[in-house]
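Below is one structure, written out as structure tokens; the observations come after it.
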Amino acid sequence: MRCVLGEPLPLTPEIHTVSFQLVLQEVNVEWTVPALTHQELNMIFQIQISRLNTSNIIWVENYSTTVKHGEAVRWNWTSDIPLECVTHFIRIRALVDDTKSPPQSSWSNWSSWKEVSAQVSVKPDTVSLFPKDKLLEEGSNITICLMYGQNLYNVSLLEEPKNFSCETQDFKTLNCSWQPGIDTTLSWFQKQSEIYTLCESFSERCEVSKHRNSYTWQITDNSQETYNFTLTAENKLRKRSVNINFNLTHRVHPKAPHDVTLKTIGATKANMTWKVHSRGNNYTLLCQVELQYEGEVKHEHNVSVRMIGNYLFSHLEPDTEYRACVRCTDANHFWKWSDWTKEEFSTPEAEDKVTLGLVFGSAPSQALDVWRQVWTENGRRVVTLFWKVGLAASEGLTLESSALPSSPGETMPLLKSQANGKIIFYNIVVEHETKPIKSEHYSVRAPALGINLSLDLHSYYKIHITANNSVGASPESLLVLSNDSGHEEVQGKTIKGIKDAFNISWEPVSGDAIGYVVDWCAHSQGQHCDLQWKKLGPNTTSTIITSDAFKPGVRYNFRIFERSTEQNDRLVEKQRGYTQELGASPLVNPKVTISNLTPKSFVLSWLHYASDFQSGFIKGYHVYMKSKGMQCNQDWKRILLSDNSVLCKYDVNGSETKTLTVENLRPESLYEIFVTPFTSAGQGPNETFAKVTTPDVRSHLLLQIILPMTLGVLLSIIVCYWKSQWVKEKCYPDIPNPYKSSILSLIKSKKNPHLIMNVKDCIPDVLEVINKAEGSKTQCAGSGKLHTEDVPTKPPSMPTVKDSSGPVPCIFFENFTYDQSAFDSGSHGLIPGPLKDTAHQLGLLAPPNKLQNALENDYMKSLVESPTEETSLIYVSQLASPLCGDKDRLATNAPMPVHGSEYKRQMAGPGSLAPPSLKESNSLTSMILLGQGDQ
């Protein structure tokens, strides 16, 4: 949908009658406003009048009046051309200007064109002149209309010729010229509408010119020196004349010199000769000689010449291109200079050689005037160096350089007088502060006047630049780049230019500045613009920037840098302005982004809209919003459209404000938005409105509730999972895999490599067994670590065997018990659990020999049930057993079992030691008592 701002209200005027008074050359118009609903309303009418056709508009006027219901509005207009001569057309549109009616932002539709014709008929081959019988004051201007048959002509009065003069170049002809004025358009009478006649009173000759502005008079009498000319201009309506009197020798305009030659003498001199047009040796001309370098006049001299002129130029620079110019005039009576005759020449390069110990030629005597442009690209700092004519900073002072380029993108090189010969190349050394040893060297061949460097971001650099000829290098120019060069953020201000100049002024930031630099782009506004700069002294806080490149309607951005004693240049201010703002509206509208959409508000933003390309300053932005039955906010202007929709308008003042929050909206409503900038000349073009629909309140609230809840649940799951892993790691660590234990290296079984230990490899004398029912109660996993009371601080002792007088030391070893039946089901995990039910799991202590037989039988039985080649041994979790000690302590004060999933140390003692009594609270740990010979 395309919507045009401010659709017109149906208050279109209707023209009823158009009359005229030929005596006064006046047109009277009457019209009404049929759709007017008020009894009385203040309105503004815009009236357009065109001539010959409707597209040739010659008059526009705004007419304010009070319109009453049912009454006609009257207006009159006086034509500057007789109404009898040409047809006119009139149309009108209206605008309400009354507080009783809603404000109107645009004009109504135009009324239909109404033709105004007062032409009269003229007989064939007759001429009628209009206006008739009109009395005019002498000196006043009037346009006359003339009708010849059916043809119509607008006639202007004949003017007298202006700037009439005559001169000679060869004393054979007089070239007379004048300005004829406007054409009276009476050419239909004859071939030429005006006739110009030149008469000389002394010779009584009259000549008719074939041209409107010049005539060549032939000199027939060589003895005549004084002339008195009368120039007469006439047509069928009027005659005008002018007169001049002069001496021929005082009106000599010499021809340009010819046959100009230049001959160089060495590398620093040149001789110039030329010829002039002369009447003989008695006639003297004064000739002016100029020597130009790079468009600038370096030398000027006057020479008197009769036939051949000669002049010697000295103190020239070697290997330099010059232009020599000469012109001449009458030496006795100056009238005009001749045209210039120009000739270009070059001096040869000076010879650099050593003769008798003397060196001829020297290195450049002055340093380059260097400047830079810095920006960021692809994570690197790009620095473009420029250099032109200038002096090195000496004792903290920098001289001004006002040299400007002669073409876009060009800077001025070092002067030949300072270069002392031909510059061959420029040497650039980039020194990193933290890596001074790893300096980078660049060489730029002449005539290049710049280079691009790619450097690290946020690093400190020193850049040294020299110009080199065949003898040596110039003094060094130094540029310092600090860590934030190219990233400075400063406030900008608006300035106004004057013609082709800008007056730049600023406030000093610090007291230790050694100078200032002002730079700007002369032709473009991009990064790679034609950069120009001007260096100023420390006590200067203003300057005038002039350039022929400045154009009206183009914005120029100026930057002011402060130079410190460390040669660091710091950006202190930005200024922007136009030499002249053009009266044009913005050409492009910003692209608007809609964000933060809620049922009652949203945010408009156009942050990336650039206004540098506009022909005038952006004053602000108009924001238009419309919706059916919408009520405008307090700060918005309400406009009622023809479709009963409301258009709300808000003005954002200032070009820097590029966001707007629109509030107090209705949920589930469609809004159309349009943003356009405006300048002093008007607003931007009409374009399509952007559409946005506000969401439902309930869905919006539901989203506000569900989204935080969802995020909270996800966060809780993540935290719980992480915490569970932490708890498992701390409290329930994984059971070690015996197959990954280092004990496997001790096993040399070839028949079944899965077996870690057979029961027969460790035959116990005594085995303490707990019944299955009681043992199954203690199979929960522990913390995986022994309590301090489970691990003795020193090896415990056992009672002595039989008649032994001292305790027998306990021997600890790792006991691995395996359950093969767990693999019958195909499981291959590590499963902690008790041994299978055997005959000795009744809480009774069996003799060692019988216990060994029982275990062997049980073990062999399990092997029969599970083939050996498919058997895998499973580590059975152990519980810590009571500490070894005397018999009573083992029987009466047995500690509570401590849960654990690690390997538990077992105690071995003499096989003859009486076993302790078992209780139901004893742990599942087996205590194997070995004979003394089996330890």
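The values are calculated or read from the model by the stated rules, or taken from the named source; none is laboratory data. What you see is a predicted model, and the numbers here were worked out from it, not measured in a lab. All Cβ positions, even for glycine, are placed from backbone atoms using ideal geometry, and neighbour counts span all protein chains on display. The accessibility values were calculated without ligands, DNA or RNA, using every heavy atom of the protein model including side chains. Shrake-Rupley method; radii C 1.70, N 1.55, O 1.52, S 1.80 Å.
One table, with the values for the structure above:
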{"read-out": "Amide proton proximity set for Leu453, modelled H, under 5 Å, gap of 5+", "value": "Val383, Thr384, Leu385"}
{"read-out": "Cβ-Cβ FRET estimate between Ser201 and Leu129, R0 fixed at 51 Å, reported to 0.05", "value": "0.90"}
{"read-out": "Potential extension, Asp696-Ser241 segment - 0.36 nm per residue separation minus Cα distance", "value": "155.0 nm"}
{"read-out": "Residues Ile424 and Thr661, FRET efficiency given R0 of 56 Å [Cβ-Cβ distance, rounded to 0.05]", "value": "0.30"}
{"read-out": "Accessible area of Val471 in the full protein assembly, 1.4 Å probe (Å², nearest 10)", "value": "70"}
{"read-out": "Residue order for Trp340, Trp533 - accessible surface, 1.4 angstrom probe, largest first", "value": "Trp340, Trp533"}
{"read-out": "Subset of Lys591/Lys628; Lys134/Lys239; Lys493/Lys574; Lys493/Lys619; Lys551/Lys591 violating a 18 Å alpha-carbon distance limit", "value": "Lys591/Lys628; Lys134/Lys239; Lys551/Lys591"}
{"read-out": "Nearest-10 value in Å² for the accessible area of Met709, using the 1.4 Å probe", "value": "120"}
{"read-out": "Exposure rank, largest accessible area first [Val305, Val554; 1.4 Å]", "value": "Val554, Val305"}
{"read-out": "Under 11 Å, Cβ to Cβ, from Lys723 - net charge with Lys/Arg +1 and Asp/Glu -1", "value": "+1"}
{"read-out": "Solvent-accessible ranking of Asp80, Asp569, largest area first, probe 1.4 Å", "value": "Asp80, Asp569"}
{"read-out": "Inter-label distance for His608 and His299, nm, one decimal - labels placed 7 Å from Cα along Cα-to-Cβ", "value": "6.0"}
{"read-out": "Per-residue ³J(HN,Hα) for segment 253-267, Karplus 6.51 cos²θ - 1.76 cosθ + 1.60, θ = phi - 60°, Hz, x for Gly and Pro", "value": "10, x, 6, 5, x, 9, 6, 7, 10, 9, 10, 7, 10, x, 9"}
{"read-out": "Segment 9-117, accessible area per residue, ligands and nucleic acids excluded (1.4 Å, Å²)", "value": "50"}
{"read-out": "Amide hydrogen neighbours beyond the local backbone of Lys298, cut-off 5 Å, H modeled", "value": "Leu291, Gln292, Tyr293"}
{"read-out": "Exceeding the 31 Å Cα-Cα cut-off - candidates Lys422/Lys462; Lys172/Lys298; Lys388/Lys462", "value": "Lys172/Lys298"}
{"read-out": "For segment 204-215, Karplus couplings with θ = phi - 60° (6.51, -1.76, 1.60), whole Hz, Gly/Pro x", "value": "6, 9, 9, 10, 9, 7, 8, 10, 7, 9, 7, 7"}
{"read-out": "Interchain or long-range residues, amide H under 5 Å from Asp97's placed H", "value": "Asn42, Met43, Ile44"}
{"read-out": "Lys730 paired with Ala501, simple spin-label distance in nm, labels 7 Å along Cα-to-beta-carbon", "value": "8.2"}
{"read-out": "Label-point gap, in nm, between Ser542 and Arg306 - each point 7 angstrom along Cα→Cβ", "value": "5.9"}
{"read-out": "Calculated from backbone phi, Karplus (6.51, -1.76, 1.60) coupling profile of segment 535-544 in Hz, x at Gly/Pro", "value": "9, 10, x, x, 9, 9, 10, 7, 7, 10"}
{"read-out": "Rounded accessible area of Leu711 (nearest 10 Å², 1.4 Å probe)", "value": "100"}
{"read-out": "Computed FRET value (nearest 0.05) for Ser165 with Thr264, which takes r as the C-beta separation and R₀ as 51 Å", "value": "0.75"}
